1. Just to be sure I understand the model, the point goes 7 Å from the Cα along the line to the Cβ. What's the resulting Ala60 to Glu22 distance in nm?
2. Below 10 angstrom from the Cβ of Asn69, what's the summed charge of the other residues (Lys, Arg +1; Asp, Glu -1)?
3. So with the 1.4 Å probe, I'd like the accessible area per residue for the stretch 90-155, rounded to whole Å².
4. Report the calculated FRET efficiency for Arg76 and Ala185 (r = Cβ-Cβ distance, R0 = 41 Å), to the nearest 0.05.
5. What percent do you get for the relative contact order of the chain when only Cα pairs under 8 Å and 6+ apart count?
6. Using Cα centres only, tell me the gap between the stretch 1-57 and the stretch 121-168 in whole Å.
7. Are any of the pairs Lys91/Lys188; Lys33/Lys170; Lys39/Lys90 more than 32 Å apart by Cα-Cα distance, and if so, which?
8. Out of these labelled values of log10 I(q)/I(0) by the Debye sum over Cα atoms at q = 0.11, 0.15, 0.16 Å⁻¹, [x] -0.61, -0.94, -1.01; [y] -0.43, -0.84, -0.98; [z] -0.50, -0.92, -1.04, which was calculated from the coordinates shown here?
Amino acid sequence: MAGFCGQIATIREKIAELVGPELAAQIMEGQDKIKDSTKPPKVSAWFKEVLERLDTLVDADTRARIMSNCGYNCARINHTALDRAAARRKKYDSFDVFLAAEQQNPPAGTRLERDGHMLYQFYTPQNFTHPMRCYCSLLRGLPEGETVSLTYCNCSRGFVEKYWENLLQKPVQVDLLESAVSGAAECKFVIHL
């Protein structure tokens, strides 16, 4: 599945896995009106409503697990980003040297700051090669000034978790601190090294 419909189907599947198909159908109301050809502002407006229903109908821990599972799926589908980072890592004798190089020359729209055993990763979609509200296509059409629930950004948290687990070759804890589509200037995650 490609485009909006593939992403939406995955989100519905992840919701259904944890809260059942009936509640997933209620949360995803209007899904049938979204096509791959639907304009991004309409997709983002509908998806904002989905997130509002998810926040109203599902507890916080379950919402975070649902969206993290979506992020794990996104990392699997977009494995080339993880593969490129792993290839860059292999060029350096140590993680510290690799990290210093990543800090000097980060991928577009990102940056890293280290504080002891804490690594802060920032996403700034407005500074990407093609400025946008969010790296996720479901929210790229969100009008300036509008925000969505921080719940959604647990998807990015899941992606960041898999990214760093792939680099470090061990499980890591990642916390979501703030998000550009939830009102912050940029997205901020902390990776516990």
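The values are calculated or read from the model by the stated rules, or taken from the named source; none is laboratory data. From a predicted model like this one, the values you see are computed outputs, not experimental measurements. Using ideal geometry, Cβ is built from the backbone for each residue, glycine included, and neighbour counts are taken over all protein chains shown. Quick note on the areas: whole protein, heavy atoms, side chains included, nothing else; ligands and nucleic acids left out. Shrake-Rupley method; radii C 1.70, N 1.55, O 1.52, S 1.80 Å.
1. The modelled label-to-label distance comes out at 2.8 nm.
2. Values: positive: Lys14, Arg65; negative: Glu13, Glu17.
My count for the surroundings of Asn69 gives 0.
3. Working: 3700 Å² over 66 residues.
On a per-residue basis, 56 Å².
4. On the way: r = 30 Å, r/R0 = 0.72.
That pair, Arg76 with Ala185, gives E of 0.90.
5. Details: 264 pairs, mean separation 46.3, N = 193.
Worked out over the chain, it gives 24 percent.
6. When both Cα centres are located, 17 Å separates them.
7. Those over the limit are Lys33/Lys170; Lys39/Lys90.
8. Answer by label: [z].
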